[in-house]
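Working notes, structure below.
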Amino acid sequence: MTKLFALTLAGAALAGSAVPALCDTGSVSAAVHRPAAAPDGSAAPVPAYHLSAVDQVWSSHKVDFAMASDQHRIFIAYYDANRQLTVASRSRGGKDWVYDKLDSWTGWDSHNYIAMALDSQGQVHVIANMHGDPLVYYRTQDPGDVRTLHRVPVLVDRAVEQHMTYPVFLKNASGELIFKYRDGISGNGNEIYDGYDAATQRWAHLQSQPLVDGQGKRSAYFMGPTRGPDGYFHLAWVWRDTPAAETNHDLSYARSRDLVHWERSDGTALTLPITLSTAEIVDPVPVRGGMINNNTVVGFDDQGR
């Protein structure tokens with residue numbers, strides 16, 4: 001085990017400045033951007049950082065932790081030294097952490113990483129510890145108070161939420177909370193997107209069909225969606241025919257403005273679910289062509305390309 005630290009920029013919102021990233025070993029590395037020099041050539045002032053110990057944590061195998069924040073509080077979700085799912089929080093500028101130990105313990109599976117987000121009402125959402133497993137989901141009952149986290153048994157459809165992997169929270173263009181995950185297993189899975197109504201505290205499927213369907217023959221491994229300077233969410237993925245990584249093939253692409261309606265790069269609408277035969281193939285890499293999943297990164301240059 002090792003010790004978990006939180007590094008925060010004093011007096012600044014994490015979302016709008018340097019964002020500390022939790023390492024898979026349980027430590028924290030800060031993505032610190034050096035301040036630019038002043039116009040007269042003098043050195044810009046160096047911002048102050050606060051380093052505080054949070055807990056002893058599990059670090060004997062790679063598993064990603066999570067961090068979230070708002071203008072008032074910082075939240076960290078992790079597996080403690082006993083591998084118990086834990087959420088800690090403290091106020092900005094404060095020193096004392098508040099903890100909640102949840103009723104979930106991780107094993108030796110690096111897929112069981114943690115996803116955490118805040119909705120527009122300040123409620124904390126945590127989904128974790130799943131690799132082809134039923135939903136493990138907690139939500140606070142009082143905004144920002146991790147001690148009120150309680151287990152929520154169903155998002156939308158219990159029957160669908162039995163073989164979940166790769167939980168990801170994101171926000172749409174309107175700032176509404178979105179959750180996506182894979183339903184199924186490697187080589188046979190679908191990509192599901194759900195949207196959250198903070199006023200009613202209810203989730204609903206964004207689409208009547210999965211975004212991508214492997215048709216029982218394959219699954220897709222995604223990078224993104226990433227929102228670009230053009231306002232589109234851009235998504236890249238590879239198809240994989242079996243649990244064996246060497247069966248990755250056919251780098252594919254789609255984009256969307258609302259995460260509901262998807263299209264090819266030329267604007268042609270895609271009918272959901274997207275299948276191998278209907279997807280836009282960017283690079284037709286064959287099976288055993290040496291392409292690994294989770295490395296098909298989407299990025300943009302200074303001209304928005």
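General remarks:
- Each residue in the range 165-190 was checked for being in contact with a strand residue (DSSP E or B) (Cβ under 8 Å, 6 or more places away or on another chain) and part of a loop (DSSP other than H, G, I, E, B), and 5 of them qualify.
- Among residues of the range 97-127, those that are assigned to a loop (DSSP other than H, G, I, E, B) and either closer than 19 Å to Lys62 by Cβ or open to solvent by 50 Å² or more (accessible area, probe 1.4 Å) (or both), counted: 11
- Residues in the range 261-280 that are under 16 Å from His234 (Cβ atoms) and either open to solvent by less than 40 Å² (accessible area, probe 1.4 Å) or touching a Ser or Thr at 6+ places or on another chain (Cβ under 6 Å) (or both): Trp262, Glu263, Gly267, Leu270, Ile274, Ala279, Glu280.
- Sub-8 Å Cβ pairs linking a first residue in the range 148-166 that is farther than 24 Å from Gly187 by Cβ and open to solvent by 60 Å² or more (accessible area, probe 1.4 Å) to a second residue that is modelled with pLDDT under 95 and basic (Lys, Arg), at least 6 apart or interchain, number zero.
- Consider the range 282-305 and keep the residues that are open to solvent by less than 60 Å² (accessible area, probe 1.4 Å) and hydrophobic (A, V, I, L, M, F, W, C). The one that is farthest from Gly187 (Cα to Cα) is Val298.
- Any chance Ala81 is without any contact (Cβ under 8 Å) to a residue 60 or more places away in the chain and hydrophobic (A, V, I, L, M, F, W, C): no
Let's see how each residue does on (1) under 21 Å from His163 (Cα atoms); (2) open to solvent by 20 Å² or more (accessible area, probe 1.4 Å); (3) assigned to a strand (DSSP E or B); (4) among the polar types (S, T, N, Q):
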| site | (1), (2), (3), (4) |
| --- | --- |
| Tyr193 | yes, no, yes, no |
| Ala199 | no, yes, no, no |
| Ala204 | yes, yes, yes, no |
| Met223 | yes, yes, yes, no |
| Asp230 | no, yes, no, no |
| Trp237 | yes, no, yes, no |
| His249 | no, no, yes, no |
| Ala254 | no, no, yes, no |
| Leu259 | no, no, no, no |
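- The single condition among (1) acidic (Asp, Glu); (2) open to solvent by 50 Å² or more (accessible area, probe 1.4 Å); (3) touching a residue at least 40 places away in the same chain (Cβ under 8 Å) that Asp133 does not meet is (3).
- All positions within the range 42-79 that are among the basic types (Lys, Arg) and not in a strand (DSSP E or B): Lys62
- Candidate set: the range 55-73, residues that are aliphatic (A, V, I, L, M), out of contact with any Pro (no Cβ under 8 Å at 6 or more places or on another chain) and surrounded by fewer than 22 Cβ atoms within 10 Å (Cβ to Cβ); chosen: the one nearest to Ala115 (Cα to Cα): Ala66
The values are calculated or read from the model by the stated rules, or taken from the named source; none is laboratory data. Only a predicted model underlies this, so the values are computations on that prediction, with no experimental measurement involved. Backbone-built Cβ (ideal geometry, glycine too); neighbour counts: all protein chains shown. Accessible surface areas use protein heavy atoms only, side chains included; no ligands, DNA or RNA. Shrake-Rupley method; radii C 1.70, N 1.55, O 1.52, S 1.80 Å.
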